[in-house]
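K.L.:
Have a look at this one.
Computed from the coordinates by the stated procedures, all read-outs in this text should not be read as laboratory data. The structure displayed is predicted, hence computed values, not measured ones. FYI the Cβ positions are ideal-geometry reconstructions off the backbone, even for glycines, and counts take in every protein chain you see.
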Amino acid sequence: MDIFKKYDRYVMPTYARQPVAFVRGKGCYLYDGEGNAYLDFVSGLSVNNLGHCHPAVVKAIREQAGELLHTCNLYFTEPGAELARLISENSLGGKVFFANSGAEANECAIKLARKCGRDLAGGGKHRIITLTGGFHGRTMATLTATAQPEKQAPFRPLLPGFSHVPANDIVALAEAMDDSVCAVMLEPVQGEGGVHVLTPEFLQVARELTQKHKALLVFDEVQTGLGRTGRLFAYQYGNVMPDVMTLAKSLGGALPIGAAVAAPAYSDVLTAGMHGSTFGGGPLPCAAGVAVLKELMAPEFMENVRRIGNYMRAELDGLAGSGLVESVRGLGLMLAVDLHRPHAAEIVSRALEQRIILNNTSEKTLRFLPPLIVEERMIDEVVEFLKTTLNV
Ligand SMILES: Cc1ncc(COP(=O)(O)O)c(C=O)c1O
């Protein structure tokens, strides 16, 4: 039985997979069983930010795998301590909870916010506001936070205590806020929703309103974090610091890990027995995470992401200028174009035929998440493909 048939028979059909199986990856390329190279502009959905099988990450995993794979959280290990230190000292300065995925990191943030609200004002202060079009995960709490009705509908009833307001709508946010709110949770750039950048004004108002109502401001940086937008964390573009930030995706250099990072004031809200995860913060993904952060913090790495991001943005703007696409959005190397016609899935299939891996978030939107080490010639190849394909 071939791979496709086995998936068909044995794996739940929760994904619309592209008809290709990969066996190897290196840098910005994936390879199929026949040795064909595919230029990857999806990066495992912003997981392979350093490219496939980055030597420093592979080395860290190999070394750690030969020493210690797992202890559980009843004990201490050095990689967990060091990864938490690196994240904290380069972001909010408080403490970190390690989980295994973005959804789990957000579950921790949600529980932390609920606990804070309860400590302050009892059970009445429990509402969490999230934004329309946002995406926070697939567990029941994070699905409830994910204000996309079509994703929620089959699984109702959802959790109580969540409200949604349109992204960038300052008036709606102000109307929704009161002292029953324990948190506002948002992505600085909405990823799965189609790469919508939140305005600095909206973030500023969210900060002021959460302060006024003693609620937490939670930034879900699962997709925007770790260099994707051209800063280590997207919040660093503005003056607004969140109280809690969540990370996952590229944190483990392709091993599963998530993190909820709290500012010092909220670092000890969750105490022993309140939250946990058997695998969370294990030595193997944390050792990989330490290698990832060291690479991201190397001199000029982030400047280069911004430079190459600007290059790609200018090239895509060129497509809009010549009328081939409707509009361009994004920040750093998290970019999207809206097409004139709802044929984005077809463009993704055509790209695959030419061994370019692209992704669409809807029938009109193509999203680009190349590895952060992408080169100009690779961007040129993708833009050339778009020019020829969209011209017909
Ligand atoms: C912003 C954001 N939050 C949370 C998640 C969920 O992460 P995971 O799939 O690791 O649970 C995602 C995944 O795409 C995401 O983009």
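K.L.:
Cross-link candidates for Lys111: which lysines have Cα within less than 26 Å, leaving aside residues fewer than 8 places away along the same chain?
P.N.:
Here the lysines satisfying the reach criterion relative to Lys111 are Lys95, Lys125, Lys151, Lys212, Lys214, Lys249.
K.L.:
Along Cα→Cβ, 7 Å out, is where each label goes; now give me the distance between the ones at Asn239 and His343 in nm to one decimal.
P.N.:
For the pair Asn239/His343, the computed spacing is 4.7 nm.
K.L.:
Starting from the Cα of Ala298, move 7 Å in the Cα-to-Cβ direction to define the label point; list residues of region 24-42 whose amide nitrogen is under 14 Å from there.
P.N.:
27-28
K.L.:
Enumerate the calculated ³J(HN,Hα) couplings along region 98-103 in order (Karplus 6.51 cos²θ - 1.76 cosθ + 1.60, θ = phi - 60°), each rounded to whole Hz, writing x wherever the residue is Gly or Pro.
P.N.:
Working through the residues one at a time gives 9, 10, 10, 6, x, 4 Hz.
K.L.:
Sorting Tyr10, Tyr38, Tyr311 on the 10 Å Cβ count, fewest up front, what's the list?
P.N.:
Tyr10, Tyr311, Tyr38
K.L.:
What list of ³J(HN,Hα) values in whole Hz, one per residue of region 362-379 in order, does the Karplus curve 6.51 cos²θ - 1.76 cosθ + 1.60 (θ = phi - 60°) give from phi, with Gly and Pro shown as x?
P.N.:
7, 5, 10, 10, 9, 10, 10, 10, x, x, 5, 9, 4, 10, 4, 4, 6, 4
K.L.:
Would you mind ranking Val374, Val328, Val222 by Cβ crowding within 10 Å, fewest neighbours first?
P.N.:
Neighbour counts put them in this order, fewest first: Val328, Val374, Val222.
K.L.:
Round to the nearest 0.05 the FRET efficiency obtained for Lys387 and Ala174 when R0 = 45 Å and r is the Cβ-Cβ distance. Before the final figure, lay out each step's value.
P.N.:
On the way: r = 44 Å, r/R0 = 0.98.
So the FRET efficiency works out to roughly 0.55.
K.L.:
Working from the pairwise distances between different alpha carbons, so that the mean of 1/r is found and then inverted, what is region 233-392's Kirkwood radius in Å?
P.N.:
Kirkwood hydrodynamic radius for region 233-392: 18.3 Å.
K.L.:
In what order do Cys108, Cys116, Cys72, Cys182 fall by count of nearby beta-carbon atoms within 10 Å, going from fewest to most?
P.N.:
Values: Cys108 26, Cys116 23, Cys72 12, Cys182 29.
By the 10 Å Cβ count, ascending, the order reads Cys72, Cys116, Cys108, Cys182.
K.L.:
So, one more: Per the helix-only calculation at 222 nm, which mean residue ellipticity applies to the chain, given -39500 (n - 2.57) for every DSSP H run of n ≥ 4 and division by its residues, nearest 500 deg cm²/dmol?
P.N.:
Values: 13 runs with 146 residues, N = 392.
Mean residue ellipticity, 222 nm, calculated: -11500 deg cm²/dmol.
K.L.:
To the nearest 0.05, how large is the calculated FRET efficiency for Ser322 and Lys212 if R₀ is 45 Å and r is the Cβ-Cβ distance?
P.N.:
0.45
K.L.:
So what's the gap between the Cα centers of region 360-390 and region 226-278, to the nearest angstrom?
P.N.:
Here the answer is 29 Å between Cα centres.
K.L.:
Given R₀ = 45 Å, what would the calculated FRET efficiency be for Ala272 paired with Tyr311, taking r from the Cβ atoms and rounding to 0.05?
P.N.:
Using R0 = 45 Å, I get an efficiency of 0.35.
K.L.:
Follow-up. Of Ala109, Asn391, Ala234, which is farthest on the positive side of the dipole of the chain, counting Cα position, with +1 on Lys and Arg Cβ, -1 on Asp and Glu Cβ, and the Cα centre as origin?
P.N.:
The residue sitting most towards the positive pole is Ala109.
K.L.:
Work out the P(r) tail for region 57-296: percent of alpha carbon pairs separated by more than 29 Å, whole number. Walk me through the numbers before you get to the answer.
P.N.:
Details: 7080 of 28680 pairs.
Here the long-distance tail beyond 29 Å is 25 percent of all Cα pairs in region 57-296.
K.L.:
A further question on this structure: Shape call for region 90-190 from the C-alpha gyration tensor, a ≥ b ≥ c root eigenvalues: rounded (a/c under 1.5), prolate (a/b greater than b/c) or oblate?
P.N.:
On the way: a/c = 1.29, a/b = 1.08, b/c = 1.19.
It is rounded, given that a/c, with a ≥ b ≥ c, falls under 1.5.
K.L.:
Let me ask something else. Quick one: dipole size for region 57-296, taken about the Cα centre, charges +1 on Lys/Arg Cβ and -1 on Asp/Glu Cβ, in debye to the nearest 20.
P.N.:
On the way: 20 positive and 22 negative charges, 53 e Å.
With only Lys, Arg, Asp and Glu charged at Cβ, the dipole is about 260 debye.
K.L.:
Provide the per-residue ³J(HN,Hα) series for region 284-299, in order, calculated from phi with Karplus coefficients 6.51, -1.76, 1.60 and θ = phi - 60°, each as a whole number of Hz, with x at glycine and proline positions.
P.N.:
Residue by residue, region 284-299 yields 5, x, 5, 4, 5, x, 4, 5, 4, 5, 4, 5, 5, 8, 5, x Hz.
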